[in-house]
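Just so it is clear, none of the values below were taken in a lab; they were calculated from the coordinates. Remember, predicted model here, so these are calculated numbers, not experimental data. Positions of Cβ are generated from backbone atoms using ideal geometry, with glycine treated the same way; all protein chains shown enter the neighbour counts.
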Amino acid sequence: MAMAPSAQRPRFNPSNSSCVSDVRPLHHNVPSLRNSDSSPLHFRFQSLVGCPADVPLELFEAAVSQLIHHPEYNSTLILRSETISDSDTTIPTSAPRLEGYCPVRNVHRKLLPRRPGRDSGLEQHCTLYAFETGEFAGLPSVLVLTPLVPEGESLPYYHPTVSHLAFRFIPSNVTTTSDAASAQPGLRIEVIPLPGTPTDPNSRLYRTALALLDTLHRYLWGALTHYQKRVQHDVLVPREIYQDVYLKMRERHKGMVNTWREATDPLKHVFEVWMSSDIGIATFLMLFWKDMFAASADLADVKELGDSRWTSWPRPSGGFLDLGCGNGLLTHILSAEGYSGYGIDLRARTSWAHYPDSSQAALKVHALDPTQLLSPGSGNDEENTFWEPGVFLIGNHADELSPWLPVLATLTGASGYLSIPCCAWMFDERFTRSSAASGLDFSDNEFLDATTGVVSSEAEDEAAFISSLGMGAEGTHKSQYSAYRIWLARLSRWLGWKIECDTLRIPSTRNWAIVGRERLPGDQSIFADRARRIVEDVVRRGAFKTRTPEGKGHDGAS
């Protein structure tokens, strides 16, 4: 859905919540944000002002990123902001838990005043939320700003008198009205005002909200004029089938929130992030395996799940191996659903001991050393059980092991692998553009077509290859993470794997996955020799160090 940069921005047409103006309020039948049932607090946001959204939801995160990192554009009293932390796993307790939403990212920033002698600085949490379920699950659609006011102090003048302020994108399918005007997507500013704060259209808070909404509308339109679809969802597993199975899986495993034994509060973090994410990955794998190992590709029969569920679905003959399994939640979910396999990590976690016996038996403390792959008989009996013929490898934010997945899969005869990369690592060092450029030569003076395996010239269309990775507007060299994913894809293809990518519907900003399930045609010994060459080069450099257990003192949530 590309538009020419010269296209004129649609008119900013706001309406207030009380319909004081002659413009009818948008999405009047969509309730304001409120706390989830698990929250000890009881609150409900108040809608102040809204307007039509003339852009797709995929642009929301990019637009609010401008709001987060450049608050000085909205107030002459703010000099700039400094980012204290940016995490997609650690969500602060002060961030509200919203009904129907999962927190997927939190930026902790500090606002610096333009006149420090008059105004004080202020720390603030900027928390992004995505729908838990439905068509837009995993896509950020709400940003909540939460000021952190020290005890005994008050908000500086440049900050609205609220405890929370939310920017909200309401997709068209959220509304239940049949009225076409109300059914279009909308933007809304919602707040929890401090006691005694006026919110009428003549109030300072309302005027501030109106200005912020105008800014968001402008940022969204600016993003659209340079826009291509950000990511491609549902490439390998149909959306409707995935959502049906996911809902059943979430219901089956919701009791985990009451038995969680890691240091992190389950009501605050686990069910909303880890549980949703790992249930989503497990659901994807179960459906993907069903299609991959079936005699005929047909996912339609999952509509009638019944009591037997998925016990007879096709699966890897060698089981699965979850590398760097952390708290073991993904391994536990798969094991509980009847899938054989192992999860390995450098240390046992507190949660392991509280899983059922079958899951505990599948979780192993093991420091994997890929450089030993070329040493015959180097593995012990337990390690050898991990590498059954036809094993399927899983790397969910496996960090240092991420680049090793296609190498391991090539050398061990694995049936395939799923890699969801996060931190950018090469084989024995951090990934940088310069290190990648001076590393492996993926060309070998010829290219293999990722689909057919046919050799092509060195003049292969670079843009076409990057486009095939399904990264959309992220498929550029502008960010380190994008460059890393392109490097991983080139590595996988160089080792003989047909490239398949998908963006998983999980509440994480690191949800892009690369999958290997089919070998490229040709002489397979060439690909095996390349994999062995990687291991030999790493051994020769001597820089790879197998990580050692971190000790009991570090036994917290991963």
Cα gyration tensor shape for the range 488-531, rounded if a/c is under 1.5, else prolate or oblate: prolate
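State the three equivalent ellipsoid semi-axes of the range 102-147, derived from the C-alpha gyration tensor as the square roots of 5 times its eigenvalues, in descending order and whole Å.
The equivalent ellipsoid of the range 102-147 has semi-axes of 32, 7, 6 Å.
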Rounded if a/c under 1.5, otherwise prolate or oblate - the range 88-177, Cα gyration tensor axes: prolate
Most to least packed among 150-156, 76-82 [average Cβ atoms within 10 Å]: 76-82, 150-156
Extended-chain gain in nm, criterion 0.36 nm per residue less alpha-carbon gap, S479 and L247: 80.1 nm
Peptide ranges 510-521, 243-254, 383-394 listed from the most packed, as the mean C-beta count within 10 angstrom indicates: 510-521, 383-394, 243-254
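Can you give me the Rg/Rh ratio for the range 184-256, using Cα atoms for both radii and the Kirkwood formula for Rh?
1.20
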Backbone HN-Hα couplings from phi across the range 102-117 [Karplus 6.51/-1.76/1.60, Hz, Gly and Pro as x]: 10, x, 10, 6, 9, 10, 9, 10, 10, 7, 9, x, 6, 10, x, x
Pair S85, C423: separation of 7 Å Cα→Cβ label points (nm): 1.5 nm
